[in-house]
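Peer 1: Take a look at this one; I'll ask things after.
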Ligand code: PT1
């Protein structure tokens, strides 16, 4: 393989973005004729791929005329291994539970934990399949939180929720991962894709838990200053591919990895919209995809500058954009509305 001298990437690496997503009986007919291929094991199938190469216009070809290498074909088409209780045949809703000082404002540690537990239980009732507990804000401009502080925030909540809901822990710190697992967390969610804490890859591997690897450019404090990409879709893809390799080298099984393009993490409005439009590309990584666009700033930027509490329309549109491209998991604030939208949305059949 010839590598580009500057980028160390193969000169002619081809990235394949599934297009023409169908389901139901028409998918069945097309699959039988070889005119569609299953996407990640179904229920969606795709009839075309957009083939991307760096610096060139994408070329759209029917799958019947395409001969990818077998490894890429398998990653695009094979079912994903189950993770926790998820078989990936239906979208998974992850409810956001922020346990930061300003999230539950009535004050007092006990009251805060009790309010967090009540919110988690409400999200379960509204249709959340898993609750993502986070004690460090990673939104743009946020300051670092020390490990002890983060632990003090999340531990009481995790303990109170143990056995009541499936839990993930949103953290970049190995010590918090360890403690969270003790308290019953089933999935690790790391917005730094195991790069922030040098102990995180080894700890994630030794805990044996599924891990969400998210793309970010820069750290939360400064990431929105001047985000830059050569090609945002392909750059994010290559980063996630490299982080999957790194996690596997540390001992995390590929079957335990979920990938996430990291909407809002070091991205301009155009970058975020390009990622949303091209989500199906990430199926080529061979892992379930998580999308977290809920109430993020880019919605206001693309619209009329609405505040966080007035971004439901855009949040739901992003979820449906994902669902139409076979995204398996959605991290959201508005669980009831998201679950309702997903019940109504059916890709064209
Ligand atoms: C996410 C995510 C996350 N987002 C995963 N974990 C946040 N796996 C926290 C804004 O632009 O997308 N995926 N954990 C929250 N981070 C942000 C980033 C919140 C940007 C808001 C913005 O408004």
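The values are calculated or read from the model by the stated rules, or taken from the named source; none is laboratory data. These numbers come from a predicted model, not from an experiment. Heads up, the Cβs are rebuilt from the backbone with ideal geometry, glycines too, and the neighbour counts pull from every protein chain shown.
Peer 1: Could you tell me which numbered condition residue 195 fails, if it satisfies all but one of (1) farther than 18 Å from residue 259 by Cα; (2) away from the ligand (no atom under 12 Å from the Cβ); (3) in contact with a helix residue (DSSP H, G or I) (Cβ under 9 Å, 6 or more places away or on another chain); (4) part of a loop (DSSP other than H, G, I, E, B)?
Peer 2: Single failed check for residue 195: (1).
Peer 1: Pick from 115, 120, 71: which is in contact with a helix residue (DSSP H, G or I) (Cβ under 9 Å, 6 or more places away or on another chain) and either part of a helix (DSSP H, G or I) or closer than 22 Å to residue 335 by Cα (or both)? So that I can check it myself, show each step before the final result.
Peer 2: Details: 115 fails: in contact with a helix residue (DSSP H, G or I) (Cβ under 9 Å, 6 or more places away or on another chain); 71 fails: in contact with a helix residue (DSSP H, G or I) (Cβ under 9 Å, 6 or more places away or on another chain).
Within the list 115, 120, 71, the selection yields 120.
Peer 1: Out of the helices (runs of 4 or more DSSP H) lying entirely within the stretch 261-349, which hold 1 or more residues that are buried (at least 24 other Cβ atoms within 10 Å of the Cβ) and touching a strand residue (DSSP E or B) at 6+ places or on another chain (Cβ under 8 Å)?
Peer 2: Qualifying helices (runs of 4 or more DSSP H): 312-323, 335-344.
Peer 1: Then there is this: So which residues in the stretch 124-156 are under 27 Å from residue 216 (Cα atoms) and touching a residue at least 60 places away in the same chain (Cβ under 8 Å)?
Peer 2: 128, 132, 137, 138, 139, 140, 141, 142, 143, 144, listed by residue number.
Peer 1: List, please: which pairs have Cβ atoms under 6 Å, are six or more places apart or on different chains, and start with a residue in the stretch 291-304 that is on the phi < 0 side of the Ramachandran plot and end with one that is near the ligand (Cβ under 9 Å from one of its atoms) and in a helix (DSSP H, G or I)?
Peer 2: 298/272
Peer 1: May I pose another question? Could you list, in sequence order, the residues of the stretch 207-247 that are away from the ligand (no atom under 13 Å from the Cβ), modelled with pLDDT of 95 or more and either out of contact with any helix residue (DSSP H, G or I) (no Cβ under 9 Å at 6 or more places or on another chain) or part of a loop (DSSP other than H, G, I, E, B) (or both)?
Peer 2: Passing the criteria: 208, 209, 228, 229, 230, 231, 235, 238, 239, 242, 245.
Peer 1: Consider residue 298 carefully, then state whether it is away from the ligand (no atom under 13 Å from the Cβ) and more than 13 Å from the chain's Cα centre (by Cα). First the steps, then the outcome.
Peer 2: Numbers: away from the ligand (no atom under 13 Å from the Cβ): no; more than 13 Å from the chain's Cα centre (by Cα): yes.
So residue 298 fails the test.
Peer 1: Taking residue 59 and the conditions (1) over 25 Å from the mean Cα position of the chain (by Cα); (2) crowded, with 18+ Cβ neighbours inside 10 Å, which numbered condition does it fall short on, given that it satisfies the others?
Peer 2: Condition not satisfied by residue 59: (2).
Peer 1: Does residue 184 satisfy the condition of being touching a residue at least 12 places away in the same chain (Cβ under 8 Å), away from the ligand (no atom under 13 Å from the Cβ) and assigned to a loop (DSSP other than H, G, I, E, B)?
Peer 2: Numbers: touching a residue at least 12 places away in the same chain (Cβ under 8 Å): yes; away from the ligand (no atom under 13 Å from the Cβ): yes; assigned to a loop (DSSP other than H, G, I, E, B): yes.
Yes.
Peer 1: Which of (1) in contact (Cβ under 8 Å) with a residue 12 or more places away in the chain; (2) out of contact with any strand residue (DSSP E or B) (no Cβ under 8 Å at 6 or more places or on another chain); (3) away from the ligand (no atom under 16 Å from the Cβ) does residue 111 not meet, given it meets every other one?
Peer 2: With respect to (1) in contact (Cβ under 8 Å) with a residue 12 or more places away in the chain; (2) out of contact with any strand residue (DSSP E or B) (no Cβ under 8 Å at 6 or more places or on another chain); (3) away from the ligand (no atom under 16 Å from the Cβ), residue 111 is out only on (1).
Peer 1: Within the stretch 251-268, is even one residue farther than 18 Å from residue 71 by Cβ and either more than 16 Å from the ligand (Cβ to nearest atom) or free of Cβ contacts under 8 Å to residues at least 12 places away in the same chain (or both)?
Peer 2: Within the stretch 251-268 (the criterion being farther than 18 Å from residue 71 by Cβ and either more than 16 Å from the ligand (Cβ to nearest atom) or free of Cβ contacts under 8 Å to residues at least 12 places away in the same chain (or both)), the answer is yes, since at least one residue qualifies.
Peer 1: I'm trying to understand the selection: among the residues of the stretch 129-162, which are out of contact with any helix residue (DSSP H, G or I) (no Cβ under 8 Å at 6 or more places or on another chain), closer than 15 Å to residue 116 by Cα and part of a loop (DSSP other than H, G, I, E, B)?
Peer 2: Matches in the stretch 129-162: 162 only.
Peer 1: Right, next: Taking the stretch 11-43 only, how many residues are assigned to a helix (DSSP H, G or I) and touching a strand residue (DSSP E or B) at 6+ places or on another chain (Cβ under 7 Å)?
Peer 2: Counting residues in the stretch 11-43 that are assigned to a helix (DSSP H, G or I) and touching a strand residue (DSSP E or B) at 6+ places or on another chain (Cβ under 7 Å) gives 3.
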